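Each remark here refers to the structure printed beneath this line.
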Amino acid sequence: MARGKQRGDSSRGPGGASRSASRGAPGDGDNGRRAVGQPRKRKPGRQRSELRARIMVAVPAIIFAIFVVAWGGAVFTLAAAALGLICLHELFTMYERARPVRLAATLGVIGLAVAAHFGGPDEVMLATIVSIPLVFVCGLLVNGEKLHTAGMSITVLGLTWIGLAIAHSILLRNLPHGDGIMIDVLVGTFAGDTAAYLGGRAFGSRKLAPTVSPNKTVEGLAIGVVTAVIATWCAGLYQDWLGHGQALLLGLAVGLAAPLGDLLESKVKRDAGVKDAGKLFGAHGGALDRLDAALFALIAGYYVWKAMLG
């Protein structure tokens, strides 16, 4: 989902600079060499291949998302909780050395999903508060003397980052027209993410966050935000209960929130020293790689739509 994500930490030297950047390639500058820091030009055929692979992964995921969102109820809650647990597993696998408290995180995510399904924001807040001491108690029971602050910290990160996003997706689905709004959010997220990736490849020159994800660009971000707004607005054209201004505002929230989720996951992976969070989608990463932008976008979508409802 990242806009021009790096090919892996193993190919980077100190400070995040690519070791391959100093080698050059035939046809890149004088004597077949490319200046250090100059972006690598990808062949059009390879770009098309990467885009085709991204679409092949995205299409089944979109079909699954539409099915569970349309079904709603317990089916959606179970599917959301399952995806949350998979994302947690990937996060904790990356930081296995920290000894995260898996039992507490599992119980916490399930509790957050149940609270969102049967209750509302107040119940979700209560479940979040309860999960913090739960991490400590379960850590003492399971890890004993091996329980450390680092393990508790990564566990709480998983609960608040992934668990709260899952809870908010359930809260959003339960709002009036929540199914339609969720589809709009997902459409805006996917379209914006894809446009940012392609736009960054084609026009990117200014680094967005070089210490977090060196290949993301300001141009890619701008193209992604604009595309997310337009895509969300277009999706809303089929919903007579959603005004044009509301769709544009929702799209703007999605366009701004989604890249933050993407950058957060990039930072988490960079610190862990891994290219992908998991292997659920084979060479295209894990569930966390596919949902990183949506985790933030769904929360933004919930609060924007709730405010619009009054």
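The values are calculated or read from the model by the stated rules, or taken from the named source; none is laboratory data. What you see is a predicted model, and the numbers here were worked out from it, not measured in a lab. Quick reminder, even Gly has a Cβ in these numbers, built from the backbone with ideal geometry, and neighbours come from all protein chains shown.
Filter the stretch 281-310 for residues that are part of a loop (DSSP other than H, G, I, E, B) and in contact with an Asp or Glu (Cβ under 8 Å, 6 or more places away or on another chain); which is modelled with the highest pLDDT? Ranking the candidates gives GLY286 first. Among the residues of the stretch 95-129, those identified as more than 14 Å from THR155 (Cβ to Cβ) and surrounded by fewer than 20 Cβ atoms within 10 Å (Cβ to Cβ) are ILE110, VAL114, PHE118, GLY119, GLY120, PRO121, ASP122, GLU123, MET125, LEU126, ILE129. Per the listing VAL114, VAL101, the residue uniquely touching a Cys at 6+ places or on another chain (Cβ under 8 Å) and assigned by TED's automatic domain parsing to the domain that holds HIS168 is VAL101.
Listed conditions (1) free of Cβ contacts under 8 Å to residues at least 40 places away in the same chain; (2) surrounded by fewer than 22 Cβ atoms within 10 Å (Cβ to Cβ) are all met by ASN143, apart from (1). With respect to (1) within 30 Å of GLY188 (Cβ to Cβ); (2) at pLDDT below 90; (3) in a helix (DSSP H, G or I), the lone exception for PRO39 is condition (3). For ARG173, the test of being modelled with pLDDT of 95 or more and basic (Lys, Arg) is passed.
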